[in-house]
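Novice: What follows is a single structure, and I will ask about it in a moment.
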Amino acid sequence: MVVERLAEYIENQGLSYYAFENSIEASRGSISKAVKQNKNIGSNVIENILSVYENINPIWLLTGEGEMLRNSGQVNEAARVYKLKTDREIHTQQIPLYNLEASAGLVSLFADSNDQIPIDYISIPNLPKCDGALTVAGDSMYPLLKSGDIVAYKEIQDLQNDIFWGEMYLVSIQLGDEEYVSVKWVQKSEKGDTHIRLVSENQHHQPKDIPLSKVRAMALVKASIRINSMR
């Protein structure tokens, strides 16, 4: 069945069901429930999946024939796009790729982005507007993201009002004299509007409630890119 092959694809790509459902704008738990109950999914859902995950072979997904992935060359570059219903797609754009260490942190990068020299540019067709891209480090979002992956982002100007709860963000936190930058799911905190909850994809990392006053900068993650060497 289609859902069985879809479950195989999700596992192959190192995705969580939460992230997968979010990326195709499906309701929370809808795909995981269909897989567990071995139920068919609608044609509109399949269309969304094929439009977002362009590396999946549609013939394989629908019939089981052929290879799972469209391309099986020596290098496969997979881009995962995270869209909101309010996003306006841009057919082509040149997204500057920055070196976070050379920029002396996320706050400095955002404040002086016009003066920063990108190390390269990235072009992903039909992506929502992005302000830049960075290479991530650490394993807190593994397996959805791993060290060396690239995330494209849109800066958040108003931390009080512009947060989309449940989405993935680059977050800069001030702890003492140090700035810590990480990628997290951002959720509402039980401590109220003065805090946000940072949640990792990696289950070995516990959620943390952080005072909003310690957040120095945030950016909504709009896409992630992973390059897999296939030998």
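Novice: Could you go through region 27-49 and let me know if any residue there is closer than 20 Å to CYS130 by Cα and either touching a residue at least 40 places away in the same chain (Cβ under 8 Å) or open to solvent by less than 20 Å² (accessible area, probe 1.4 Å) (or both).
Specialist: No; the residues of region 27-49 include none that is closer than 20 Å to CYS130 by Cα and either touching a residue at least 40 places away in the same chain (Cβ under 8 Å) or open to solvent by less than 20 Å² (accessible area, probe 1.4 Å) (or both).
Novice: Could you check region 186-231 for strands (runs of 3 or more DSSP E) lying wholly inside it with 1 or more residues that are within 30 Å of ASN55 (Cα to Cα) and not small (Gly, Ala, Ser)?
Specialist: By residue number, 195-199, 215-229.
Novice: Identify all residues within region 105-151 that are over 22 Å from ARG216 (Cβ atoms), touching a residue at least 60 places away in the same chain (Cβ under 8 Å) and among the acidic types (Asp, Glu); write none if there are none.
Specialist: ASP139, ASP149
Novice: Go through ASP139, ASP112, ASP120 for me and flag whichever is more than 19 Å from the chain's Cα centre (by Cα) and under 16 Å from ILE225 (Cα atoms).
Specialist: ASP120
Novice: Quick one: ILE173 ticks every box in (1) surrounded by fewer than 16 Cβ atoms within 10 Å (Cβ to Cβ); (2) touching a strand residue (DSSP E or B) at 6+ places or on another chain (Cβ under 8 Å); (3) closer than 24 Å to ASP149 by Cα except a single one, so which number is it?
Specialist: Against the list (1) surrounded by fewer than 16 Cβ atoms within 10 Å (Cβ to Cβ); (2) touching a strand residue (DSSP E or B) at 6+ places or on another chain (Cβ under 8 Å); (3) closer than 24 Å to ASP149 by Cα, ILE173 comes up short only on (1).
Novice: Within region 177-208, which residues are open to solvent by 30 Å² or more (accessible area, probe 1.4 Å), free of Cβ contacts under 8 Å to residues at least 40 places away in the same chain and under 21 Å from ILE150 (Cα atoms)?
Specialist: TYR180
Novice: Looking only at region 129-149, count how many residues are of a type outside the set (D, E, K, R) and surrounded by fewer than 20 Cβ atoms within 10 Å (Cβ to Cβ).
Specialist: Looking only at that region, the number is 8.
Novice: Turning to a different aspect of this structure: Checking the structure you have, find out if any residue of region 90-98 is closer than 19 Å to VAL186 by Cβ and open to solvent by 20 Å² or more (accessible area, probe 1.4 Å).
Specialist: No: region 90-98 contains no residue that is closer than 19 Å to VAL186 by Cβ and open to solvent by 20 Å² or more (accessible area, probe 1.4 Å).
The values are calculated or read from the model by the stated rules, or taken from the named source; none is laboratory data. Bear in mind that the values here come from a model prediction, so they are computed numbers and not experimental data. FYI the Cβ positions are ideal-geometry reconstructions off the backbone, even for glycines, and counts take in every protein chain you see. Protein only, heavy atoms only, side chains kept; ligands, DNA and RNA dropped before computing areas. Shrake-Rupley method; radii C 1.70, N 1.55, O 1.52, S 1.80 Å.
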